[in-house]
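Everything below concerns the one structure shown next.
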Amino acid sequence: MREWIEAMRLRTLPVSVAGVVGGTACAIYHHGFSLLPFLICLVFAILAQITSNFANEYYDFKNGFDKKGREGFRRGVTEGDIKPESMKLAIFITLGLACCIGATLIIWGGWWLIFVGVAVGIFALAYSTGPFPLSHNGLGEIAVIIFFGFVPVIFTEYVQTRILRLDGITLLTSAAIGLMGANVLIVNNYRDMEDDKSVGKKTSVVILGRRVMSGVYYFNGILAAIFLAMATTALPFWVSCGWLTYFAFHSMLWQKMRNGSGSALNAVLKWTSFLMLAVACYLIIICSALKPDPNDFILFS
């Protein structure tokens, strides 16, 4: 059981939770919070990320991208703790559960949400496998911004409010959450650069180098703080303390990342993901105090 829990990578699951929480904050802002679709979105997002984590472990082992004694979190398949066949079965069980649970959102969002669910399922696998694995070709961060930022925020809000909006708070929140999620992946790839480089895995850090990607990590945090501040301009000035606090912790983690190496960066990865979730929860609190903007741009009703 311990090996399976490790394979789920619990330290990174706040990334998927944060997107749903951020979308719920937008729903609260628009006076459309609904508990049941929120919970369904939450379970779906967690299962989808676990599927992606299982697939990453299985297909990296199968394609020779993992080796024993790697710097990152222990990989049960590579270390021989979990049989490859068992991991492959687990991938499709969790994917099937995610599909069944996610399909119930049709009740609130309509049949066309099936296409969104299919896209999420494809991403969960295409991140690590297929003719062009995203994580092996320097596209992991872009994919994370889309599927852990824009997709969960926009569509979690949609199934609760039943209105697909592309207004300021929704887009700014989506971008901020996505950038913070990309930072979690940057830390992961920053830690694993030597291991990835030795097996020909072309992550963004392998392609651009640690110095450039540490700068990207810091810049992403700056942009996220700016976007979130812009999204809450209607609140009193003291609310900015939240973004200043986020940026202070982000800067501390950046320094630890630059000065750390190997398994010591696991703590930076964990706290980067938990900081992302903390910001999303803070959004729920402050969005409860905001009033809807009558000039919201409604794309679909």
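Structure data summary
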{"item": "Counted residues, the stretch 144-170 - those being modelled with pLDDT under 95, surrounded by fewer than 24 Cβ atoms within 10 Å (Cβ to Cβ) and among the aliphatic types (A, V, I, L, M)", "result": "3"}
{"item": "Matching entry among Ile93, Ile107, Ile5, Ile82 (being of a type outside the set (Ser, Thr, Tyr), assigned to a helix (DSSP H, G or I) and closer than 24 Å to Arg191 by Cα)", "result": "Ile5"}
{"item": "Given (1) part of a loop (DSSP other than H, G, I, E, B); (2) at pLDDT 95 or above, index of the condition Pro37 fails", "result": "(1)"}
{"item": "Boolean, Ile122 is farther than 28 Å from Phe219 by Cβ, without any contact (Cβ under 8 Å) to a residue 60 or more places away in the chain and either touching a helix residue (DSSP H, G or I) at 6+ places or on another chain (Cβ under 7 Å) or not small (Gly, Ala, Ser) (or both)", "result": "yes"}
{"item": "Subset of the stretch 280-301 that is out of contact with any Leu (no Cβ under 7 Å at 6 or more places or on another chain), open to solvent by less than 80 Å² (accessible area, probe 1.4 Å) and part of a helix (DSSP H, G or I) - its residue that is modelled with the lowest pLDDT", "result": "Cys287"}
{"item": "Flag for Leu134 being closer than 22 Å to Arg75 by Cα, surrounded by fewer than 24 Cβ atoms within 10 Å (Cβ to Cβ) and aliphatic (A, V, I, L, M)", "result": "yes"}
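The values are calculated or read from the model by the stated rules, or taken from the named source; none is laboratory data. All figures in this text were calculated on a predicted structure; none of them were measured in a lab. As a convention, Cβ positions derive from the backbone with ideal geometry for all residues, glycine included, and neighbour counts pool all protein chains shown. Just so you know, the surface numbers come from the protein's heavy atoms only, side chains and all, with ligands and any DNA or RNA stripped out. Shrake-Rupley method; radii C 1.70, N 1.55, O 1.52, S 1.80 Å.
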